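Below is one structure; the comments refer to it alone.
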Amino acid sequence: MTSTLTDAAVLRERRGPALWLRLNRPEVFNGIDQDVLDGLTAGLDAAAADPGVRVVVLSATGTAFCAGADLRYARSLADAPAPPGAASAGNAFLHRVRAVLDRIESFPTPVVAAANGIAVGGGLELLLVCDLVIASRTARIGDGHAVYGQIPGGGASVRLVRRLGLATAKHLMFTGDLHPAERYLGTDLVVDVVDPEELVGAVDRLAARIASRSPVGLAAMKRLAHDAHDTPLPVAVQRELEASALHERSADWREGITTFAEKRTPDFPGH
């Protein structure tokens, strides 16, 4: 179990088969700035380079998961003069936020969020790109952009509609209200809510279960599930058939079939 330096904007900790990435700017409720984006990128690079990492967990230090963009940092970017014909620093920052969020969403390794506190604005957008969210009972979740006269820039207006439906998404965006994590149980956002002291253990147990499965199979199923959102049914089913045929060539598929016949626990090699 190892961590990065304690003053890093994103801490990395290996917990068994899971790599935990903890936002570490508690003094600003883990507001997102360039250092956080760099830390998340480095963490994903580390996970991609280590075949022993079977799950990535996003969490945070302090009392908040993430309060969105660090508004003081964003204000400094907005005030910075841009060269003629060049994108503003604020616009470049938003493009970087989008690139990091898109990478988390499409990352082949399953990504689980351990939402330990307030998740608002960009913090909500982080949850929306994770595959599964387990929240502390103390967590409060919402969009929040409207409170400060802003609009989403990290995909919330699209992903909220797809996850929660049009009316619920509009309600969250128009009011800017935060709601207890329990409100999202039974929706396509939060899969479980636990007491604060149980959060790490609950995520560890889920990560261990996921890690026992074929990483090749999980990556394929994640890709197929994402495609199913906006692909006609016949096309999506055909893609699944093609992916299944391709998966039969993998060592993981052979290990699964063999262990079923031998009645033993599989040990998937990951290729």
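Set side by side, the residues Ala207, Ala167 differ, and just one is under 15 Å from the mean Cα position of the chain (by Cα), hydrophobic (A, V, I, L, M, F, W, C) and either more than 14 Å from Cys66 (Cβ to Cβ) or modelled with pLDDT of 95 or more (or both), which is Ala207.
Within the option set Gly122, Gly142, being in contact with a Cys (Cβ under 7 Å, 6 or more places away or on another chain), of a type outside the set (Lys, Arg) and either surrounded by fewer than 16 Cβ atoms within 10 Å (Cβ to Cβ) or assigned by TED's automatic domain parsing to the domain that holds Arg25 (or both) holds for one residue only, Gly122. Ile141 fulfils the conditions (1) in a helix (DSSP H, G or I); (2) under 16 Å from the mean Cα position of the chain (by Cα) except for a single criterion, (1). Exactly one residue out of Ala251, Ala236, Ala245, Ala228 is surrounded by fewer than 17 Cβ atoms within 10 Å (Cβ to Cβ), closer than 30 Å to Ala135 by Cα and outside the structural domain of Ala114 (by TED's automatic domain parsing), and it is Ala228.
Yes/no per residue for (1) in contact (Cβ under 8 Å) with a residue 12 or more places away in the chain; (2) closer than 26 Å to Leu21 by Cβ:
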position	(1), (2)
Val203	yes, yes
Arg213	yes, yes
Gly217	yes, yes
Met221	no, yes
His226	yes, yes
Pro234	no, no
Gln238	no, no
Ser250	yes, no
Pro269	yes, yes
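Of all residues in the range 176-207, those that are part of a helix (DSSP H, G or I) and not aromatic (Phe, Trp, Tyr) total 15.
The values are calculated or read from the model by the stated rules, or taken from the named source; none is laboratory data. Fair warning: this is a prediction, and the values are worked out from it, not measured in the lab. Neighbour counts are summed over all protein chains in view; Cβ atoms, including those assigned to glycine, are modelled from backbone coordinates with ideal geometry.
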